[in-house]
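S.K.: Below is the structure I would like to discuss, written out as structure tokens.
The values are calculated or read from the model by the stated rules, or taken from the named source; none is laboratory data. Every value quoted in this text rests on a predicted model; they were computed, and no experiment measured them. Don't worry about glycine lacking a Cβ; one is built from the backbone with ideal geometry, like all the others, and counts go over all protein chains shown. SASA here: full protein model, heavy atoms, side chains in, ligands and nucleic acids out. Shrake-Rupley method; radii C 1.70, N 1.55, O 1.52, S 1.80 Å.
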Amino acid sequence: MKKPLITIFTIFLATNLASCGGGSESNDSIQNGGASIILQPVGLLLGFGFLPNPLSKHYDEYYSGYWRSIYSCGGGGKAILGISGNAVELNTGTSGSVFGEIDPDGNLFFNAREPGWSCETCGEVRPLETTGEIVFEENRATLYFEAACANYFRTDHTIVSVKIDLTSGTSQPHPRSEMGRIKNEAHNLIDASVQSCQSYADCRTFNIDINEDFCNFQAKAYSIQAVDEEVLDTLKSEYAYQKWLITNPGTSTTLCGLYYRDSCVSNVCIME
């Protein structure tokens, strides 16, 4: 009697898992043979990331990282690349794995992906390509992953090449933790010495994220005599990139009852 019960339970479980996995086609995304075609603009990247190693087997070496398309479609998430000998496998987190080879110079060659396509008026999609290279001396990889996207009126489609940057290792810090690290590094740079000034012209306001600190409540005053502005600018750019990886583009408005500005008081730059 146990075997029939186990069989019934297995069928029930498989049926429910299939329904949770989006077994029916929708206008948002179609997956077929490991390919994913995005038909609508991508919104907030919820569920960012996945299991540490979603590849089909264990590899001798790994590269991984977070990525996002700059286009209105293409997706985003966390990608991982496995390498053993000249065999490679890539999982972008938005579709199934893509298999290929690597040559001695680090050039990557992947099998073309045959996409599924539900839009009869959008035209036939050619096989999608994935290319890239690994710079072993710098422990990084750059990939170009094609995605097919329907236009707004669903009368045609375009194919975009999404750049994915990876770093050696099976996992990388989440962009949100990187934002905290970069912000602390910038503030520590300012706090490391007295922000001396001779006049107001020596002082600047540092705001690593103007959208979150519009009224300058969290801003710091620094002196051009004490801080390397190029370093601060680099940190600000890194912060913006990490934030872009996990948030929607857009603008927000904040009304300020009180706005803090940098000033030179008693030969020290302060916010007041």
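S.K.: Subtract the Cα-Cα distance of VAL135 and GLN218 from 0.36 nm times their separation in residues, and report this length gain in nm to one decimal.
M.R.: Length gained between VAL135 and GLN218: 26.0 nm.
S.K.: Taking the alpha-carbon centroid of each part, what is the distance from region 76-117 to region 175-246 in angstrom?
M.R.: Computed from Cα coordinates, the inter-centre distance equals 38 Å.
S.K.: Further question: Grab the other residues whose beta carbon is less than 9 angstrom from that of LEU128, score K and R as +1, D and E as -1, and report the net.
M.R.: With Lys, Arg at +1 and Asp, Glu at -1, the neighbours total -1.
S.K.: Something else now. How far apart, in nm, are the 7 Å Cα→Cβ label points at GLU124 and ARG181?
M.R.: Roughly 4.8 nm, to one decimal.
S.K.: Apply the Karplus curve 6.51 cos²θ - 1.76 cosθ + 1.60, θ = phi - 60°, to the phi angles in region 230-247 and return the couplings in whole Hz, x for Gly and Pro.
M.R.: Ordered by residue, 3J(HN,Hα) equals 5, 5, 4, 5, 5, 5, 5, 5, 4, 4, 4, 5, 4, 5, 4, 4, 10, 10 Hz.
S.K.: Give the long-range amide H neighbours of GLY65: residues separated by 5 or more places, or on another chain, with amide H under 5 Å away, using H modelled in the peptide plane at 1.01 Å from N.
M.R.: Placed amide hydrogens put ALA79, THR167 under 5 Å from GLY65.
S.K.: Would you please give the residues with an amide H less than 5 Å from that of SER84, counting only those at least 5 places away or on a separate chain, with H modeled from the backbone geometry?
M.R.: Counting only residues 5 or more places away or on other chains, the set is ASP60.
S.K.: Whenever you get a sec, line up LEU258, LEU143 from highest to lowest accessible area (probe 1.4 Å, protein heavy atoms).
M.R.: So, going from the largest accessible area down, we get LEU258, LEU143.
S.K.: 7 Å from Cα along Cα→Cβ at both GLU229 and SER199: what's the point-to-point distance in nm?
M.R.: 1.5 nm
S.K.: Next up: If each residue of separation counts as 0.36 nm, what is the full-extension length gain between ILE210 and VAL265 once their alpha-carbon separation is subtracted?
M.R.: Full extension of this stretch gives 17.4 nm more.
S.K.: Quick check: net charge around GLY96, other residues with Cβ under 11 Å of its Cβ, Lys/Arg +1 and Asp/Glu -1? Don't skip to the end; give the middle numbers.
M.R.: Details: positive: ARG113; negative: GLU89.
Local net charge: 0.
S.K.: For region 41-174, report the accessible area per residue in Å² (1.4 Å probe, heavy atoms, rounded to an integer).
M.R.: So region 41-174 comes to 50 Å² accessible per residue, rounded to a whole number.
S.K.: Taking the Cβ-Cβ separation of SER84 and HIS174 as r and a Förster radius of 25 Å, what is the calculated FRET efficiency to the nearest 0.05?
M.R.: Details: r = 27 Å, r/R0 = 1.08.
With R0 = 25 Å, the Cβ-Cβ based efficiency is 0.40.
S.K.: Here's another thing I want to ask about it. Apply the Karplus parameterisation 6.51 cos²θ - 1.76 cosθ + 1.60, with θ equal to phi minus 60°, to every residue of region 77-90 and state each ³J(HN,Hα) to the nearest whole Hz, in sequence, with x for glycine and proline.
M.R.: Going residue by residue, I get x, 10, 10, 9, 10, x, 9, 9, x, 9, 8, 9, 9, 10 Hz, with x marking Gly and Pro.
S.K.: Apply the Karplus curve 6.51 cos²θ - 1.76 cosθ + 1.60, θ = phi - 60°, to the phi angles in region 190-196 and return the couplings in whole Hz, x for Gly and Pro.
M.R.: 6, 6, 5, 9, 5, 7, 6
S.K.: Out of residues 5 or more away from LYS220 or on other chains, whose amide H comes under 5 Å of its own, with H placed 1.01 Å from N in the peptide plane?
M.R.: PHE206
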